[in-house]
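All remarks here apply to the structure that follows.
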């Protein structure tokens, strides 16, 4: 038997804060349909929690086929609720629906998510697929410690160059040292190149590996003819 004290809904058993869903999407459930609305909420959860978007994972969560996800995405795009920009899927509220500050907030989260996804891919290419715990730590260094994904990428290269057996503990040691010295963005490292050997030392010219090619695309100034 339960008793009511005050107003609101008590949610128990939550490790993290619940996803904050704008009321506009709920008010449009009838016109969009249940699958597109649930997909939009799942995309929002990825953005708010800083998780990389995995279509197969969302498909499993929702209990629908990947083809259903694709059809739902088309419905959302046609109705103006998503804008697929390639690397970033921007969630929006259509112009004909009253809105507040939601679009701007999600846009910032989307950019952070895109940077995080890139960093996870870079780590996987240079070291191996990160574990869920390692992914949480990468996100921690970006969000809580304010270290850019470019700086973490340089730290990954520094680890690979200096550690016989690269480990996440070694990577965090580099990041802690740089953080204590005020390194937050790539420009900070450029001003103090002595902190990263990989920024001043280059091997003999040879065919680039896929990971090195990715590095070249992000930091073209570090590769000279």
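Take the Cβ-Cβ distance between residue 90 and residue 45 as r, set R0 to 22 Å, and report the resulting FRET efficiency rounded to the nearest 0.05. So the FRET efficiency works out to roughly 0.90. Residues 116, 168, arranged from fewest to most other Cβ atoms within 10 angstrom of their Cβ, appear as 168, 116. Under a crude label model (7 Å from the Cα following the beta-carbon direction), how far is residue 20 from residue 60 in nanometres? It is 3.0 nm. Exposure proxy shown here: for 165, 144, 136, 51, the number of other Cβ atoms within 10 Å sets the order, fewest to most, as 165, 144, 136, 51.
The fraction of Cα-Cα pairs per 5 angstrom bin, counted from 0 for the range 108-157, comes to 5, 22, 36, 27, 9, 1 percent, rounded to whole percents. From least to most packed, judged by other beta carbons within 10 angstrom and beginning with the fewest, 195, 175 follow the order 195, 175. The simple Förster model, with R0 at 41 Å and r as the Cβ-Cβ distance, assigns residue 197 and residue 31 a FRET efficiency of 0.10.
With the convex hull built on the Cα atoms of the range 23-100, state its orientation-averaged projected area in nm². Dividing the Cα hull surface by four gives the mean projection, 5.2 nm².
Extension gain for residue 112 to residue 70 (0.36 nm times residue separation, less C-alpha to C-alpha distance): 12.7 nm.
At what distance in angstrom do the alpha carbon centres of the range 134-201 and the range 30-74 lie from each other? Answer, in whole Å: 34.
Read the figures in this text as sums done on the coordinates, not as results from a lab. Bear in mind the structure is a predicted one, so any value in this text is a computation, not a measurement. We place every Cβ from the backbone using ideal geometry, glycine too, and count neighbours over all the protein chains shown.
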